[in-house]
Amino acid sequence: MNKILITGANGQIGSELLTHLRGIYGEDHVVGSDIRLPKNKDDAGLFEIVDVTDAHRFHAVAKEHQVDTVIHLAALLSATAEENPMKAWDLNMGGLMNALEVARELDLKFFTPSSIGAFGHSTPKKNTPQDTLQRPSTMYGVNKVAGELLCDYYHQKFGVDTRSVRFPGLISYVTPPGGGTTDYAVEIYYEAARKGSYTSFIDEHTYMDMMYMPDALEAIHQLMEANPDHLVHRNAFNVSAMSFAPKGIAAEVKKHIPDFTIDYDVDPVRQAIADSWPDNLDTSAAQEEWGFAPSYDLASMTKDMLTHVREKTTNSL
Ligand code: SER
């Protein structure tokens, strides 16, 4: 990668990936794009307004900046997609098709994330294999499975260098996620720091895979720089750093905030989504093919999250 265009650069992953990749490749080598300018627009650096459903504009911006890589992140998350399935189809599939076409036309390397949402009830829940049944029951999941297949198709048919991972819930303190099922695992830290208690919309015993954002950013960087000869599963690698249920993360928070309490007000829509997802993924293909090795576990992530979230909470008072 030498010059990179990121779509959805104001989002949870994009806002941090922009900074991370600029640190590695240089300020002028990473162009951010989103449907609006970032909040800190005066120091946004190279940044373009791009609606990914506008194929013409998408192509023009990639061409103008002479990028060699597109990292396509613009998408609706699972719970929002369930509220508005048609909008999810238009943005998640329309945007992806435009992104793949731009990559084909301009001969760009390509990354887009898939998700644990690409699995469904019939998928083995424990140690979910890399190659397994994928019959998701959500619009988000349908989009993700179709996306995985499209990325394979563009590689096989047109030779586009497509790569991707199935991200679990991503936890970060910079930009909040919006409309995801795993968002509870971010909210809990903010609420713990602000008021010492949290009401979870996910049941206490529901396990899902998770990963801390620094590991997610490095996973993208590492996969994109991996030797293509070693990539057997070039798209949709299972990645995860930990698996826990609300009860487990609450117990970890309590080690830092002894008076912390959690209660439950389960949201049936998000609970049904969570129930259809794996408990924990087998990530051995990512480890073997490109050296995936996350560094944070629940304990080290919780320590770091609480430090940063407390700082933010204090500064905003
Ligand atoms: N974090 C995402 C969501 O909950 C999963 O890919 O929608």
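A few notes on this one:
- The single condition from (1) touching a Gly at 6+ places or on another chain (Cβ under 8 Å); (2) of a type in the set (D, E, K, R); (3) buried (at least 18 other Cβ atoms within 10 Å of the Cβ) that Asp259 fails is (3).
- In the stretch 169-178, the residues that are of a type outside the set (Ser, Thr, Tyr) and more than 7 Å from the ligand (Cβ to nearest atom): Ile171, Val174, Pro176, Gly178
- Residue match in the stretch 228-242 (condition: in contact with a Phe, Trp or Tyr (Cβ under 9 Å, 6 or more places away or on another chain), over 14 Å from Thr302 (Cβ atoms) and assigned to a helix (DSSP H, G or I)): yes
- In the stretch 253-270, the residues that are in a strand (DSSP E or B) reach residues that are of a type in the set (Asp, Glu) and modelled with pLDDT of 95 or more with C-beta atoms within less than 7 angstrom, at least six apart or across chains, in these pairs: Tyr264/Asp203; Tyr264/Glu204.
- Each residue in the stretch 127-168 was checked for being farther than 17 Å from Leu76 by Cβ, β-branched (Val, Ile, Thr) and within 16 Å of the ligand (Cβ to nearest atom), and 2 of them qualify.
- Subset of the stretch 25-48 [surrounded by fewer than 12 Cβ atoms within 10 Å (Cβ to Cβ) and on the phi < 0 side of the Ramachandran plot]: Glu27, Asp28, Arg36, Lys39, Asn40, Lys41, Asp42, Asp43
- Within the stretch 294-310, being in contact with a strand residue (DSSP E or B) (Cβ under 8 Å, 6 or more places away or on another chain) and farther than 12 Å from Ala241 by Cα holds for Asp304, Met305.
- Within the stretch 70-95, being more than 11 Å from the ligand (Cβ to nearest atom) and not in a helix (DSSP H, G or I) holds for Val70, Ile71, His72, Leu73, Ala74, Asn84.
- Strands (runs of 3 or more DSSP E) lying entirely in the stretch 144-203 (those with 1 or more residues that are out of contact with any Pro (no Cβ under 8 Å at 6 or more places or on another chain)): 169-171, 197-200
- Exactly one residue out of Gly147, Gly159 is over 12 Å from the mean Cα position of the chain (by Cα), buried (at least 24 other Cβ atoms within 10 Å of the Cβ) and either closer than 24 Å to Leu231 by Cβ or at pLDDT below 95 (or both), and it is Gly147.
- Top-ranked residue in the stretch 105-126 [being charged (D, E, K, R) and within 30 Å of Ala60 (Cα to Cα); ranked as nearest to the ligand (Cβ to nearest atom)]: Lys109
The values are calculated or read from the model by the stated rules, or taken from the named source; none is laboratory data. All values reported here derive from a predicted model rather than from experimental measurement. FYI the Cβ positions are ideal-geometry reconstructions off the backbone, even for glycines, and counts take in every protein chain you see.
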